[in-house]
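The values are calculated or read from the model by the stated rules, or taken from the named source; none is laboratory data. Keep in mind that this is a model prediction, so the values were computed, not measured. Here the Cβ is made from the backbone with ideal geometry for all residues, glycine too, and neighbour counts use every protein chain on show. Side chains are part of the model used for accessible areas, which takes the heavy atoms of the whole protein and leaves out ligands, DNA and RNA. Shrake-Rupley method; radii C 1.70, N 1.55, O 1.52, S 1.80 Å.
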Amino acid sequence: MDVGEEIDMEVMNPLIEKTHSSEEMSDEEQDSELAGLHLRQTGDEQGISFTQTLIHLLKGNIGTGLLGLPLAIKNAGLMLGPISLVIMGVVAIHCMHIVVRCSHHFCQRFKKHGLSYGDTVTFAMEHGPFPCLRSKAPFGRVTVEFFLIITQLGFCSVYFVFLAANMKQLVEGFMRNHTSYSDLNMTRNMQDHNEDWNIDARIYMLSLLPFLICFVFIRDLKYLAVFSFMANLSMAVSLVIIYQYIIRGIPHPKELPLIASWKKYPLFFGSAIFAFEGIGLVLPLENKMKQRKQFPQALNIGMGIVTALYVSLGTLGYLHFGDSVQGSITLNLPQNIWFSEG
């Protein structure tokens, strides 16, 4: 019996050791997988929903650039302008999907929860097919982050000026049309009357600055979703007002050129590229989303709506106002029609 037991133990020992070693290896792998899974679950619990992602996408792309697209269509032509906008929209959506897929690839490869634009370009250059670019990965990160800062600074500056100009127009127009004057003031001429309500636009910028500073300190997209929804609602009301005005009495477009001069075509690209301003939101939104697999669908829906608005408002605005269209379509709208009705 002793000899048999020794033989059995000699046969079983290698199997037992192999089982233990395999269990140890599987435990290590499971720990790493669980750690990665824990990170994903933490991000999912604190992330934003599909609807919130769509709201942020719409807010990030529908802004002042949309209001300048009628002038962009004028610089390209009535036929070439809409076609070019559609092509630019398709290219923009395609590039956004490429960035998202690239970020997904490196997140899975290096077990990362999420990557920024700088991280993505760094990994892409370090592990790309071109050896000459691998040593220049830090330079790629700096370049991408620098241009992101410049573009966002430019977009926000235009927003700031646009808000101040529209606030000035609204407040001063209201005061000129609804302020009652004494008999002494009635003797003053109209020029002096207008000068009384001509406040410097920088004063309006200064009054908006505290509110913008408060918004800057809100870093969680979940809390910003409420403000984005309110902004989208306000923009929707504004677009309804603009659309219902420009679709009335559209003149015959026989005098409008189908293809504008090639010298003006670069101006079209400047306005159109500025309109597609939401590229900087793609990876931050994807990283914060609860169900990341749904992000491509949200991106397609959001950018599809944005492109349709761009083409329709730009074309209808140019059809209605023709060569007199200005840098922002709001400047072509009558300034006193809403005050006189009130």
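Couple of notes before you dig in:
- VAL216 being open to solvent by 50 Å² or more (accessible area, probe 1.4 Å), without any contact (Cβ under 8 Å) to a residue 12 or more places away in the chain, of a type in the set (A, V, I, L, M, F, W, C) and within 24 Å of ILE305 (Cα to Cα): no
- Close Cβ contacts (under 6 Å, 6 or more residues apart or on different chains) running from residues in region 110-128 that are in contact (Cβ under 8 Å) with a residue 60 or more places away in the chain to residues that are among the β-branched types (Val, Ile, Thr) comprise TYR117/VAL144.
- Candidates are the residues of region 93-132 that are within 12 Å of VAL282 (Cα to Cα) and of a type in the set (A, V, I, L, M, F, W, C); the one that is surrounded by the fewest Cβ atoms within 10 Å (Cβ to Cβ) is ILE98.
- Failed condition for ILE279, given (1) open to solvent by 40 Å² or more (accessible area, probe 1.4 Å); (2) over 30 Å from GLN52 (Cα atoms); (3) modelled with pLDDT under 85: (2)
- Residue, nearest to GLY47 (Cα to Cα), within region 219-237, restricted to residues that are exposed (fewer than 15 other Cβ atoms within 10 Å of the Cβ) and in contact with a helix residue (DSSP H, G or I) (Cβ under 8 Å, 6 or more places away or on another chain): LYS222
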